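**Q** Have a look at this one.
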Amino acid sequence: MAARAYWQGQIKLALVSIPVEIYPATKSGAAISFHQIHEPSGKRIRYEKVAPGVGPVDRDEIMKGFEVSKGNYVLLDDEEIEAVKIESRKTLDLVQFVEADEIDVLYYEKPYFVVPADDLAEEAYVVLRDALRQTKKVGLGQLSVRGREQLVSIKPCGRGMVMEVLRYADEVHKAQSYFREIEDMKPDEDLLDLATTLIDKKTAPFKPAEFHNRYVEALERLIEKKRKARGGKRILEDVGEPDRPSGANVIDLMAALKKSVGEGGRSAAKAVSAKAAPAKKSPMRKPAASKTAPKRKSA
């Protein structure tokens, strides 16, 4: 296998040890990075290590410091930090199993492929994989690697298994603190029917290759245009997005949902209208009979 293993060791389940190798399952996506340039000279801006009132300092005079109060630091050298690092271990003990859907999506951080280290390990590997699949459980353990101890989960993935690094509890914000102001209310049944019809209409298999980073692609096109223009500062015109409706023109939610469902499938909207209950009071605004379409901004 061409890729370099992130970790090599053994997954241990009671008295059973399975030699495995772990490889990154993802890679960095396309990204555009920039440097700061001194425009008159075209030279790249560099940064010096400086201390206020002292000026530039030598690299060997720099230590790491933890701020305990405003302007006061506890200083640590590299040897002291190195001494408290967790020793890397070659064993991942599966100490607990949980239901596959019990771990909130907020805790998942990064996936890795887990493969058997050799032919002799395959039988035990397959037994663990199929046992996890049959019980619909996920194995939990802590992996010590590169001085850090990571909480990880092991679960089946096709013919193999995936290890996912999980965040610790203190690394995840509590959702309640963000959602507590949302009113506890039931939505209007007609609106809910229209929304679920729209979701059903747009449901399709997930094909990640169909999605692209349009920002990066636009930057690449812009850079290529500027390169052909020899890096000049002139502004290059590009196709922009059409003007959006004025903020003063509010589109009614019911009308917007009906229009969305109707685009490509008016029969679905009719079906919803036919089974809808008689009009009833709703906390959400109903469409007015004389509502006109929103006007576009003038150029």
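The values are calculated or read from the model by the stated rules, or taken from the named source; none is laboratory data. Remember, it's a predicted structure, so these values are computed and weren't measured experimentally. Backbone-built Cβ (ideal geometry, glycine too); neighbour counts: all protein chains shown.
**Q** Which residues, counting only those in region 1-19, are loosely packed, with under 10 Cβ neighbours inside 10 Å and over 27 Å from K137 (Cα atoms)?
**A** First, pick out the residues of region 1-19 that are loosely packed, with under 10 Cβ neighbours inside 10 Å: 1-2, 4, 14-15.
M1, A2, R4, listed by residue number.
**Q** Here are some residues: E149, E164. Which one is of a type in the set (D, E, K, R), assigned to a strand (DSSP E or B), free of Cβ contacts under 8 Å to residues at least 60 places away in the same chain and assigned by TED's automatic domain parsing to the domain that holds K90?
**A** E164
**Q** (1) closer than 30 Å to G29 by Cβ; (2) modelled with pLDDT of 85 or more: which one isn't true of V216, the others all being true?
**A** For V216, the exception is condition (2).
**Q** Moving on to the next point. Which residue, of K12, K49, K70, is assigned by TED's automatic domain parsing to the domain that holds R148 and of a type in the set (K, R)? Break it down into steps so the answer makes sense when it comes.
**A** On the way: K49 fails: assigned by TED's automatic domain parsing to the domain that holds R148; K70 fails: assigned by TED's automatic domain parsing to the domain that holds R148.
Criteria check complete, one pass: K12.
**Q** Further question on the same structure: Being in a strand (DSSP E or B) and either surrounded by 10 or more Cβ atoms within 10 Å (Cβ to Cβ) or touching a His at 6+ places or on another chain (Cβ under 7 Å) (or both) is the filter here; which residues of region 39-58 pass it? First the steps, then the outcome.
**A** At the first step, the residues of region 39-58 found to be in a strand (DSSP E or B) are 43-44, 50-51, 55-56.
Result: R44, V50, A51.
**Q** Here's another thing I want to ask about it. Name the single residue that is farthest from the chain's Cα centre (by Cα) among those in region 169-195 being without any contact (Cβ under 8 Å) to a residue 40 or more places away in the chain and surrounded by 11 or more Cβ atoms within 10 Å (Cβ to Cβ).
**A** Among those residues, the one meeting the criterion is L192.
**Q** Answer yes if at least one residue in region 114-135 is among the aliphatic types (A, V, I, L, M), in contact (Cβ under 8 Å) with a residue 40 or more places away in the chain and under 30 Å from Q176 (Cβ atoms), and no otherwise.
**A** no
**Q** Turning to a different aspect of this structure: Pick from region 177-211 the residues that are of a type in the set (F, W, Y) and either in contact with a helix residue (DSSP H, G or I) (Cβ under 7 Å, 6 or more places away or on another chain) or in a helix (DSSP H, G or I) (or both): which of them is farthest from G262 (Cα to Cα)? I'd like the intermediate steps shown before the answer.
**A** Step one: of region 177-211, the residues of a type in the set (F, W, Y) are 178-179, 206, 211.
Of the ones still in play, those that are also either in contact with a helix residue (DSSP H, G or I) (Cβ under 7 Å, 6 or more places away or on another chain) or in a helix (DSSP H, G or I) (or both) are 178-179.
Details: Y178: 34, F179: 32 Å.
My answer is Y178.
**Q** Considering only residues that are farther than 17 Å from R129 by Cα and of a type in the set (A, V, I, L, M), which ones fall in region 1-24?
**A** Within region 1-24, M1, A2, A3, A5 qualify.
**Q** Just to be sure before I move on: is I81 within 31 Å of the chain's Cα centre (by Cα), β-branched (V, I, T) and over 15 Å from V138 (Cβ atoms) in the structure I sent?
**A** In short, yes.
**Q** For residues that are under 14 Å from D93 (Cα atoms) and assigned to a loop (DSSP other than H, G, I, E, B), scanning just region 5-38, find the one that is farthest from the chain's Cα centre (by Cα).
**A** Only one residue fits best here, namely L15.
**Q** Hey, F97 hits all of (1) at pLDDT below 95; (2) outside any loop (DSSP other than H, G, I, E, B); (3) hydrophobic (A, V, I, L, M, F, W, C) but one; which does it fall short on?
**A** Here F97 meets the rest and fails (1).
**Q** Let me ask you something else. Out of everything in region 59-98 that is in contact with a helix residue (DSSP H, G or I) (Cβ under 9 Å, 6 or more places away or on another chain) and closer than 30 Å to T135 by Cβ, what residue ends up being surrounded by the fewest Cβ atoms within 10 Å (Cβ to Cβ)?
**A** Narrowing region 59-98 to residues in contact with a helix residue (DSSP H, G or I) (Cβ under 9 Å, 6 or more places away or on another chain): 63-64, 94, 97.
When the remaining residues are screened for being closer than 30 Å to T135 by Cβ, the result is 94, 97.
On the way: L94: 20, F97: 16.
Selected residue: F97.
**Q** Restricting attention to region 20-38, and to residues there that are within 30 Å of Y125 (Cβ to Cβ) and not polar (S, T, N, Q), which single residue is surrounded by the fewest Cβ atoms within 10 Å (Cβ to Cβ)?
**A** Filtering first and then ranking leaves K27.
**Q** Also: Restricting the first residue to region 66-79 and requiring it to be closer than 22 Å to G147 by Cβ, which pairs with a second residue that is modelled with pLDDT under 90 and not in a strand (DSSP E or B) meet a Cβ separation below 7 Å and a spacing of at least six or different chains?
**A** Here the result reads L75/M63; L76/M63; D77/M63, each pair linking region 66-79 to a residue that is modelled with pLDDT under 90 and not in a strand (DSSP E or B).
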